[in-house]
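Trainee: Quick one: the structure is below, questions incoming.
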Amino acid sequence: MHETRIIQAEDEEMAEAVHQAVALLAAGELVALPTETVYGLAADAFNDEAVAKIFAVKERPSFDPLIVHIAANRDLKKVAIVPPEIEEAVAALSAAFWPGPLTIVLPKAPGVSDLVTAGLPTVAVRMSANPIFRRVGKEFGKPIAAPSANRFGRISPTSASAVMKELGGRISLIIDGGACRDGLESTIIRIEPGEKRPVFQILRAGPISKEDLQKHGKVVKVRERDAASKPEVPGQLPSHYAPTTPLLIFDKPEDFHPEAGKRYGLISYRSWTKDGYITLHDWEKVETLSSGSGKLVEAAVRFFHVLRTMDEAELDFIVAEPVADTGLGVAINERLRRAAAK
Ligand code: TXA
Ligand code: MG
């Protein structure tokens, strides 16, 4: 059991916060850090004992590999081998999206342990754009393994207080960098050489959308065969991001048939009458993802926070309406469906 401290990392407090985070990493300990997507539970990627602590604290099964975060392009070769046939594609993607919420799966470098990659021959790599995370990465000087800072299968944390609810008592330090900029975990892709342009398979939808990626290559669906081979595809288990309150998604408002005497809350995209959900029922609680005409960027930022708030409201059921299935909406809907899965 740990006493979990939260320290602020704004302005003049930043240097001290970074110093304490780096000291923990160097000592083989864990620290929760903000990234631009969600908060991460960080450890020295080259220290097996430290990496093992991540799995223990999160109660994460050892078959689920971790993402390795690098602080600069030159560090890529410390963790991955870039095959010559996709070298140009990796260079183009890293120039376009790093630092930022794109994770690329590549053959792993020999030094990367099987614990990090769950025995896979590949490693997932990204470079965070969060200034606090970046500074910790630079000062620590080594790649950082960091999954989302929640207990396995639960709602990802997008604030320091959400990390406290997930991991309070299990880790010693959370660095508070405020709410996360993007609010959804990074997009994960695999790259294959194509005839004319590289081919990208999206393994997990995220802030970098299909439309963003199409500027740099051809985007294809993950093949069924690959999707079936569990550890190859992230968030493999159907139930993920799960609240403890059952979540129901209705693609059309007419599909909703409430049970008498149950308490229902609604997660609405924009809460417009014409969208059909807000007037369906006398909701115990309504949370609107993005008011006015609705912006997917805002909905994404608020999504996990809203899910957590609804989960704390002592409802019998949380009802959600899906958002538009384009751009960032794909990533939001993917999380909604997994959160609703049993
Ligand atoms: O935005 C993010 O990516 C956040 C922040 C903290 O960086 N991290 C994150 O990590 O979402 P995590 O562990 O919650 O999700 C990582 C996913 C897992 O579902 C895992 O299966 C997948 O990445 N993954 C890791 N290594 C992989 C590999 N070699 N091949 C395929 N998928 C991999
Ligand atoms: Mg996660």
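The values are calculated or read from the model by the stated rules, or taken from the named source; none is laboratory data. These numbers come from a predicted model, not from an experiment. For neighbour counting, all protein chains shown are included, and Cβ atoms are generated from backbone atoms with ideal geometry for every residue, glycine included. Heavy atoms of the whole protein, side chains included, go into the accessibility calculation; ligands, DNA and RNA do not. Shrake-Rupley method; radii C 1.70, N 1.55, O 1.52, S 1.80 Å.
Trainee: For the pair residue 92/residue 49, report the inter-label distance in nm, with labels modelled 7 Å from Cα in the Cβ direction.
Mentor: Between residue 92 and residue 49, the simple spin-label model gives 4.6 nm.
Trainee: If I histogram all Cα-Cα distances within the chain using bins 10 Å wide from 0, what percent of pairs lands in each bin?
Mentor: 6, 26, 33, 24, 10, 2, 0
Trainee: In nm, to one decimal, how far is the modelled label at residue 282 from the one at residue 179, with both set 7 Å along Cα→Cβ?
Mentor: Modelled inter-label distance: 3.1 nm.
Trainee: Further question: In a shell of Cβ-Cβ distance under 9 Å around residue 240, excluding residue 240 itself, what net charge do Lys and Arg (+1) and Asp and Glu (-1) give? Kindly include the intermediate steps, with their values, before the conclusion.
Mentor: Numbers: positive: 154, 335, 338; negative: none.
Net charge in that neighbourhood comes out at +3.
Trainee: Could you work out the local net charge near residue 104, counting Lys and Arg as +1, Asp and Glu as -1, over the other residues with Cβ closer than 10 Å to its Cβ?
Mentor: +2
Trainee: Sorted from largest to smallest, which semi-axis lengths in Å does the alpha carbon gyration tensor of region 6-117 give for its equivalent ellipsoid, taking the root of 5 times each eigenvalue?
Mentor: Details: eigenvalues 129, 76, 30 Å².
Semi-axes (√(5λ), whole Å): 25, 19, 12.
Trainee: Roll a 1.4 angstrom probe over the protein heavy atoms and tell me the percent of accessible area of region 5-176 that is carbon or sulfur.
Mentor: On the way: 3380 of 6310 Å².
Of the solvent-accessible surface of region 5-176, carbon and sulfur hold 54 percent.
Trainee: Return the FRET efficiency for the residue pair residue 275, residue 309: r is the Cβ-Cβ distance, R0 is 22 Å, and the value is rounded to the nearest 0.05.
Mentor: Working: r = 20 Å, r/R0 = 0.93.
Between residue 275 and residue 309 the formula returns 0.60.
Trainee: Starting from 0.36 nm per residue, how many nanometres of slack lie between residue 152 and residue 23 once their C-alpha separation is accounted for?
Mentor: Working: separation 129, 0.36 × 129 = 46.44 nm, distance 2.59 nm.
That pair, residue 152 and residue 23, stretches by 43.8 nm at full extension.
Trainee: Which FRET efficiency value, to the nearest 0.05, is calculated for residue 260 and residue 6 with the Förster distance at 35 angstrom and r the Cβ-Cβ distance?
Mentor: Working: r = 43 Å, r/R0 = 1.23.
That gives a FRET efficiency of 0.20.
Trainee: Quick one: net charge of residue 316's neighbours, Cβ under 15 Å, K/R +1, D/E -1? Walk me through the intermediate numbers first.
Mentor: Values: positive: 262, 263, 285; negative: 259, 282, 284, 311, 312, 314.
Here the count lands on -3.
Trainee: Just to be sure I understand the model, the point goes 7 Å from the Cα along the line to the Cβ. What's the resulting residue 85 to residue 59 distance in nm?
Mentor: 4.3 nm
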